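Report on the following structure.
The values are calculated or read from the model by the stated rules, or taken from the named source; none is laboratory data. Note that the structure is a prediction, hence the values are computed from the model and not measured. Counting neighbours? That spans all protein chains shown, and the Cβs are built from the backbone with ideal geometry, glycine included. In case anyone asks, the SASA skips ligands and DNA or RNA and just uses the protein heavy atoms, side chains included. Shrake-Rupley method; radii C 1.70, N 1.55, O 1.52, S 1.80 Å.
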Amino acid sequence: MKLYKISLALFLCLGTMTSCEDKLELTNPNQQTTAGFGDSVDQLEESVIAAYNHIRMEGSYARVGYGYDMCRGDEVWNSSQVWYLPFDDLNAPATEEMTQWVWREWYYTINVCNFILSRTGDDNNALGEQMRRIKGQALFIRGLSYYNLAGYYQNSPVITDYASYGTLEGLYASSSSYDELLAQAENDLSEAMTLLPKRDEGGEWSLGRATQGAAAGYYARALMMRPSKENLEKALTVLKGIINKEYGTYKLMSNYGDNFREGSAYENNDESLFEVQFLDYGTQGTEQEWTPVNTSSNATQAHAIESNCCPGDFGGWADLSATPWLYNLFKEEKTTDGKLDPRLYWTIGTYEDDWNGFENGNVCYTKPMSADVPVQTNNNNGGLPIAKNTNMRTNLYSTVITGLRCGINLRMMRYSDVLLRAAECENEINGPTQQAIDWINEVRTRAKLKKLQLSDFAGDSDKLFEQIANVERPKEFGCEFGRGFDLIRWGFYYSADRLQQLKEHGTFRRHNYLMKDAEGNVTATGDIKESVSYSQVGIDPELKSSYDAYVPGHEFLPVYQGLLNANPNLSGNSANNNTDNTANHKEKGWPIHPVKNL
């Protein structure tokens with residue numbers, strides 16, 4: 001009898017649970033799912049913030065995604081000779097795990113943008129103002145992502161349909177070509193131009209967000225990565241529009257250094273078309289997130305470019321230094337009042353007599369610098385410290401705040417770039433003109449340099465190109481992101497004389513310039529600023545040129561072998577196959593200017 005009652009009780013319990021099962025199928029309002037998220041404007045605004053968050057991660061712009069391109073340029077070398085080495089030497093193998101970090105971050109970003117765009121519809125005319133801004137930002141960030149993927153990887157998948165992730169075929173997308181990646185970037189950016197407000201109209205909203213001017217600037221950049229005459233003409237039209245304030249009002253800051261300081265008084269300024277937002281030091285959290293796996297509410301929300309570039313003696317990781325070529329390029333031309341170019345102060349952290357009384361003076365962080373004891377980047381290999389996008393010259397902090405903690409916003413596109421790109425396009429299409437010279441002189445005037453004269457170039461477009469590519473741009477944008485992209489679009493890897501020029505520019509001396517005794521006192525110093533000659537590489541054991549190690553095709557990063565193994569539809573690029581891209585560049589008729597003496 002007792003067993004019967006127990007069995008009956010169990011049966012009734014099971015029956016009760018079964019009969020109530022349908023009634024208990026409730027949706028947890030606190031559990032967000034893809035199916036139930038994104039149906040409101042507020043939720044899509046959250047998604048836009050998530051997209052912006054992904055562009056300031058390790059592989060996008062917080063460290064290596066910025067630093068890799070610095071290494072590809074002839075203005076920077078790897079002073080640690082460890083971290084970044086295969087990227088500085090342009091011979092990274094496909095098995096190097098770090099090669100996928102840039103890929104990882106930009107596809108995370110694309111995923112978020114595709115989700116947003118799946119909720120905004122195809123009819124832009126049906127969108128209200130807030131939804132237009134949401135869609136415009138998603139298109140801009142996705143276009144920015146494909147621009148970076150093309151410039152870094154040459155070939156990678158173009159994925160635009162969020163619904164396609166639901167199938168294996170969609171999930172394991174096949175590689176798209178360089179042309180297809182850039183065409184997608186152009187399409188996204190040009191559509192974003194029609195949806196986003198001008199910065200003048202955006203008010204407080206526009207500070208830190210993509211605006212019409214940002215989309216226009218990057219649209220011109222994307223066009224110039226495939227420099228056919230048609231694309232250069234389109235780019236010139238857009239750049240003229242920016243100059244003529246069609247997409248918002250921009251101007252050069254009177255003080256060049258205001259582009260590289262932290263704080264609301266300097267960031268998102270009149271010169272900035274687009275910048276990555278980082279929180280000022282002291283206003284951040286404490287947790288450093290080096291991967292996008294989780295997003296902590298206590299994350300530092302800052303970058304590590306400063307740690308990469310600044311001297312070991314001040315707490316920096318001392319990985320990247322300016323090349324002697326860039327330093328001596330600055331020294332070749334004085335201002336109209338006989339002083340050094342003020343951009344040198346903010347680009348390279350050397351002691352100069354001219355800096356006494358200029359800005360914060362001869363200072364490395366808050367420590368006065370001495371002519372007798374130069375500050376070097378790396379304690380073992382020397383190097384000229386990079387001051388740009390660090391606090392070396394701001395006089396705010398006494399040491400490097402190591403890790404993801406530097407709060408200086410990275411100005412990814414400035415109005416000076418618009419002016420110099422417009423001059424470049426004008427020169428490509430019409431040869432040297434007074435208009436091209438005038439645009440260049442706007443940038444030179446800010447630096448108090450003598451104005452160029454049209455007669456200096458006597459109808460020689462190759463000579464004016466040399467001036468823009470190897471004088472004006474390096475001095476204005478030295479040690480910033482973008483030089484690696486420039487060298488690819490200019491075809492410098494595909495011409496013997498241009499490659500030789502890169503080897504000369506990229507020559508540096510690996511040497512500890514500060515000789516110390518057992519107590520650490522400096523007993524002797526070398527000349528950290530000396531000009532070095534590529535002709536002595538192989539003779540002088542301390543000299544090296546990064547471009548001597550260049551393997552054809554490795555102007556791009558290889559597609560990581562782990563990705564190729566996981567996705568059979570992916571194909572490698574020229575870096576995976578060590579393929580020379582010279583023929584491809586020339587067959588498309590993209591210009592390669594011969595080296596000219598200035």
Excluding same-chain residues fewer than 8 positions from residue 596, which aspartates and glutamates have a Cα within less than 14 Å of its Cα? 456, 460, 462, 466, 497
Quick check: the distance between the Cα centres of region 161-229 and region 50-85, to the nearest angstrom? 21 Å
Candidate lysines - alpha carbon under 22 Å from residue 135, same-chain residues fewer than 8 apart omitted: 198
At a Förster distance of 51 Å, what's the computed FRET efficiency of residue 333 paired with residue 39, Cβ-Cβ distance as r, to 0.05? 0.30
Step through the residues of region 299-313 one at a time and calculate ³J(HN,Hα) from phi using the Karplus curve (6.51 cos²θ - 1.76 cosθ + 1.60, θ = phi - 60°), rounding each to whole Hz and writing x for Gly and Pro. 5, 5, 6, 8, 10, 10, 4, 4, 4, 5, 9, 8, x, x, 5
For the chain, what is the relative contact order in percent, using Cα pairs closer than 8 Å and at least 6 residues apart in sequence? 18 percent
Order 408, 401, most accessible first, counting only protein heavy atoms with a 1.4 angstrom probe. 401, 408
Accessible area per residue in Å² at 1.4 Å probe, computed on the chain: 40 Å²
With θ taken as phi - 60° and the coefficients 6.51, -1.76 and 1.60, list the Karplus ³J(HN,Hα) couplings across region 513-519 in order, rounded to whole Hz; mark glycine and proline as x. 7, 10, 7, 10, 8, 4, 8
Region 100-139 and region 394-454 have their Cα centres apart by a whole-number Å value of 30 Å
Cross-link table 388/503; 367/503; 251/331, entries beyond 31 Å C-alpha to C-alpha: 367/503
With every protein chain present, what accessible area does residue 433 have (1.4 Å probe, heavy atoms only), rounded to the nearest 10 Å²? 30 Å²
Listed values [x] 23.8, 76; [y] 31.5, 103; [z] 26.4, 115, entry calculated as Rg and Dmax of the Cα atoms in Å: [z]
Ignoring ligands, DNA and RNA, what percent of the accessible area of region 446-487 is carbon or sulfur (1.4 Å)? 47 percent
If each DSSP helix of 4+ residues adds -39,500 (n - 2.57) and the sum is divided by the residues in the chain, what number results at 222 nm, nearest 500 deg cm²/dmol? -12000 deg cm²/dmol
Multiply the residue separation of residue 204 and residue 82 by 0.36 nm, subtract the distance between their alpha-carbon atoms, and state the gained length in nm to one decimal. 39.6 nm
Aspartates and glutamates near residue 448 by alpha-carbon distance under 12 Å, same-chain residues fewer than 8 away left out - which ones? 333, 337, 341
For region 522-573, give the percent of accessible area contributed by carbon and sulfur heavy atoms, probe 1.4 Å, rounded to a whole number. 50 percent
Of the candidates 592, 521, 532, the farthest towards the positive dipole end of region 514-598 (Lys/Arg Cβ +1, Asp/Glu Cβ -1, centred on the Cα centre) is 592
Total formal charge among the other residues, if their Cβ is under 12 angstrom from that of residue 430, Lys/Arg +1 and Asp/Glu -1: -3
Per the 1/(1 + (r/R0)^6) rule, R0 = 30 Å and r from the Cβ atoms of residue 462 and residue 530, FRET efficiency to 0.05 is 0.50
To check you understand DSSP bridge types, tell me what percent of the beta bridges within the chain (both residues inside) are antiparallel, rounded to 5. 85 percent
Taking placed amide H atoms and a strict 5 Å upper bound, the residues 5 or more places from residue 361 or on another chain that come that close are none
Amide H of residue 412: which non-local residues (sequence gap of 5 or more, or other chain) have their own amide H closer than 5 Å, using H built in the peptide plane? 274, 275, 276
What does the extension gain come out to for residue 567 and residue 264, with contour length at 0.36 nm per residue minus their alpha carbon separation? 104.6 nm
